[in-house]
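Here is the structure we will look at, set down as C-alpha cells.
The values are calculated or read from the model by the stated rules, or taken from the named source; none is laboratory data. This one's a predicted model, so the numbers in the text were calculated from it and none came from an experiment. A quick note on method: Cβ atoms are made from the backbone with ideal geometry, for glycine too, and the neighbour counts reach across all protein chains shown. Surface accessibility is based on the protein's heavy atoms, side chains included, excluding ligands, DNA and RNA. Shrake-Rupley method; radii C 1.70, N 1.55, O 1.52, S 1.80 Å.
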Amino acid sequence: MILEISDLSVGFHTYRGAVNAVRGVSLSVDAGEIVGIVGESGCGKSVTAHAVMGLLPKDNSFIKDGSIRFMGQDITHLSDEERRQYRGSDMSMIFQDPMTSLNPVLTIGQQMTEGIIHIKGLSQQEAYEEAVTLLKRVGITKAEERMKAYPHEFSGGMRQRVMIAMALICKPKLLFADEPTTALDVTIQAQILELLDELRREMKMSIVLVSHDLGVIARICDRVNVMYAGRIVESGPVDEIFHNPQHPYTRGLLNSLPRVDKVDDTELPVIEGHPPDLLYDIKGCSFAPRCGDAMKVCAACRPNNENMGKEHCVECWLPARDREEGHHE
Ligand code: SF4
C-alpha cells in the first residue's frame, strides 16, 4: 500500500467560522494504481490531495482528525521541513494551470535544470542532459531548442507536458494530478491522460487523479472515489461504478455525461440545487436536499457505509431500504 488515508477531517478558519471541508475521508492507493477522486468544485477533493502533499495554507487550515500514511509511515503531522523531504523525492503534484507553477521570466531549460540540481545535486551539464531526456520522454519534440523557450511560448498542452516532466524529476512513487486536463481541449486532454497512463506503467508509479469529470476518470483510473460535501459517498472499481452506480449523486453525475450513443438533441440532465454550506454540521445525508430518492431517515441520520461486494461501497440508505423491502415480501 502506497497511501492510506483514514478518517481524515480538514477544516479552515474563516471570518464566518470554521468550515469543515473534508469530513472523515478514508481511501487507499496501491502501488502502480491510478485512483480517481471525483466531485463538484468545493467537495473537498483538492483539499484531500493538498493535505497529503502538505500544501494546505499554513495560516488558516487545520487537520482536525484522522491520519495519512505514506509508504507505511504516518505523515499526518510532519513539520514543513520533514514534508519537503517527501515532496519532490517520493511525491509530486501537477495542477490545472501550469502557468501558476512555472516562472514566466525563466526559460523552461533554466527551470528544469535548477530543479534537477536542487533535487539530485547533479552538475549543470548532467542536469541539462537529464532535462532534455525528460522533455523528450513527455513528448516534447526538438527538446534542445525548446529548453531555450519561455513558458508563454508553449501551448497549454505542451506546458502541461513540461509540468509532468518536472514532476518526474524525482521519480515519484506517488503523483497527484489535480484537474490536469481541465483547461485543455478534448484531443489534447486525451493525449495527456494517455501519457500519464504510460508513465505509471513505465515508472511503476501510483497516481491520484482529481477531477470534476467522470469521463476523465473513466479513461485511465482503476478505482474511483466519488466525493460530495467533504465525504466519499461511493467508491469502487471504475467499471463497477459506471455500470452499477448505487448513490443517487453518482447516478446524477453519470446522467449528466454526454454520450456518443445518444443521437437525440435533448438537453443533458443536471443535478438541481447546491451542495450544503460546510460551515454548519450536517446531521443526516448531505445530499438529501437534492436527492429525488430521499426518505425521512435521510435527513435525520447519516447513512452507513454499505459494502456492495466487488470492493464497491456506498454511503446511502437505499441498500438498507431495499433489503428491508425484500425482507417483507
Ligand atoms: Fe438520497 Fe437518502 Fe441515499 Fe442520501 S441517503 S443519497 S438522501 S437516498
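Structure values in brief
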{"quantity": "Dipole magnitude (debye, nearest 20) for the chain, charges at Cβ of Lys, Arg, Asp, Glu", "calculated": "620"}
{"quantity": "Estimated inter-spin distance, Glu114 and Val270, nm [label 7 Å along Cα→Cβ]", "calculated": "4.2"}
{"quantity": "Kirkwood-based shape ratio for the chain, expressed as Rg/Rh from alpha carbons", "calculated": "1.00"}
{"quantity": "1.4 Å probe accessible area per residue over the stretch 100-169, in Å²", "calculated": "50"}
{"quantity": "Computed label-point distance, nm, for sites Val297 and Ser123 using a 7 Å Cα→Cβ extension", "calculated": "7.1"}
{"quantity": "Cα→Cβ-extended label distance, 7 Å offset, between Phe62 and His77, nm", "calculated": "1.3"}
{"quantity": "q = 0.19, 0.20, 0.21, 0.29 Å⁻¹, the stretch 100-169: log10 I(q)/I(0) [Debye, one scatterer per Cα]", "calculated": "-0.64, -0.71, -0.79, -1.53"}
{"quantity": "Solvent-accessible area per residue for the stretch 200-320 (1.4 angstrom probe, square angstrom)", "calculated": "53"}
{"quantity": "Pairs of alpha carbons in the stretch 213-329 whose separation is greater than 26 Å (percent)", "calculated": "24"}
{"quantity": "Gained length - Glu40 relative to Tyr15, 0.36 nm times residue gap less alpha-carbon distance", "calculated": "6.6 nm"}
{"quantity": "Relative contact order (%) - criterion: Cα under 8 Å, at least six apart; region: the chain", "calculated": "20"}
{"quantity": "Cα-centre dipole for the stretch 100-169 with unit charges at Cβ (Lys and Arg positive, Asp and Glu negative), debye to 20", "calculated": "240"}
{"quantity": "Length released on extending from Asp197 to Glu324, taking residue separation times 0.36 nm less the Cα-Cα span", "calculated": "41.5 nm"}
{"quantity": "Percent carbon-and-sulfur accessible area, the chain, ignoring ligands, DNA and RNA, probe 1.4 Å", "calculated": "50"}
{"quantity": "Alpha carbon Rg of the stretch 1-53, scaled by the compact-globule rule 2.2 N^0.38 Å", "calculated": "1.25"}
{"quantity": "With eigenvalues of the C-alpha gyration tensor scaled by 5 and rooted, the stretch 1-111, Å", "calculated": "24, 19, 15"}
{"quantity": "The stretch 141-234: Cα Rg divided by the 2.2 N^0.38 Å rule of thumb", "calculated": "1.18"}
